[in-house]
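Take a look at the structure set out below.
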Amino acid sequence: MSVDKESKFLMEVTKLEDFLRKPPCDFAVEVRGKGYRLVKHDPECCCVFIDEIASTKGKVIFQNSPGREIEVKNLKDYMHFRRNLTSKRIFILTSACEDTVCFKTETNAKVLQQYIVAIDGSNPVIKWEIERGLDWAISSVAGESYIVDIDLGDVLQSWTGESFRILIDGRKVKPLWKDTCFTLKYSSDALFDFSHWFGCSKRHIKIRGR
């Protein structure tokens, strides 16, 4: 499934290998030695928060991706990050895991398939959710360090629906979605930042949408 940058999409979900075989607009995949694949993207159009991937077909690296954790140290960097989120397409890697009694925690869930999730940060629904969540976080911990998890789990579940299944060894499996967050870390220079030390400045934003 390709992402058309001219369309006003809210969200698209693509299998990792399909994404690499036929990358969307503003992406290019280069095969390097021994199956290593380098994925390039246009940073003017896309925000990519994907760590190095060890796939069944070799290592995959998204060039210039900060990974799933983004750290900012001052208000200027924070505002730059915020503008990027609310004006560009956002890409993260998620895992569809087996949702059974045996695999109820993320630490031991069996990964069935990996997907690239793309959402349009400039879409009014998504932009409003992100801005509202970030405003709430920064106002509640003003002058302190804080960590914000931006979670696409709800909107991903809404997009796929309750009837979504993955065909594995001839059986249809309902997935448990894992790795649906990326994290913003704001590091204050304050020496006695007790809220941060004791984990009180951690916030969680769920992007909902429909």
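The values are calculated or read from the model by the stated rules, or taken from the named source; none is laboratory data. None of these values were measured; they are calculated from a predicted model. Quick reminder, even Gly has a Cβ in these numbers, built from the backbone with ideal geometry, and neighbours come from all protein chains shown.
Would you please name the residue that is modelled with the lowest pLDDT, looking only at residues in segment 163-202 that are crowded, with 18+ Cβ neighbours inside 10 Å, closer than 24 Å to Phe81 by Cβ and in contact with a helix residue (DSSP H, G or I) (Cβ under 9 Å, 6 or more places away or on another chain)?
Ser201
Inside segment 53-77, can you point out the residues that are polar (S, T, N, Q), at pLDDT below 90 and exposed (fewer than 13 other Cβ atoms within 10 Å of the Cβ)?
Scanning segment 53-77 gives Thr56, Asn74.
If you check Thr107, Thr160, Thr100, which single one turns out to be among the hydroxyl-bearing types (Ser, Thr, Tyr), at pLDDT below 80 and either within 26 Å of Pro24 (Cβ to Cβ) or within 20 Å of the chain's Cα centre (by Cα) (or both)?
Thr107
Would you check which residues across segment 24-74 are of a type in the set (S, T, N, Q), assigned to a loop (DSSP other than H, G, I, E, B) and touching a Leu at 6+ places or on another chain (Cβ under 7 Å) and list them?
Gln63
Confirm whether Lys15 is at pLDDT below 95 and surrounded by 14 or more Cβ atoms within 10 Å (Cβ to Cβ).
yes
List the residue pairs whose Cβ atoms are under 7 Å apart, where the first residue sits in segment 70-81 and is aliphatic (A, V, I, L, M), the second is outside any strand (DSSP E or B), and the two are 6 or more positions apart or on different chains.
Cβ pairs passing all conditions: Ile70/Phe81; Val72/Tyr78; Val72/Phe81.
Looking at segment 15-68 only, could you name the residues that are in contact (Cβ under 8 Å) with a residue 12 or more places away in the chain, more than 20 Å from Trp177 (Cα to Cα) and of a type in the set (Val, Ile, Thr)?
Scanning segment 15-68 gives Val39, Val60, Ile61.
Being at positive phi and acidic (Asp, Glu): is that true of Asp26 here?
When the stated conditions are applied, Asp26 passes them.
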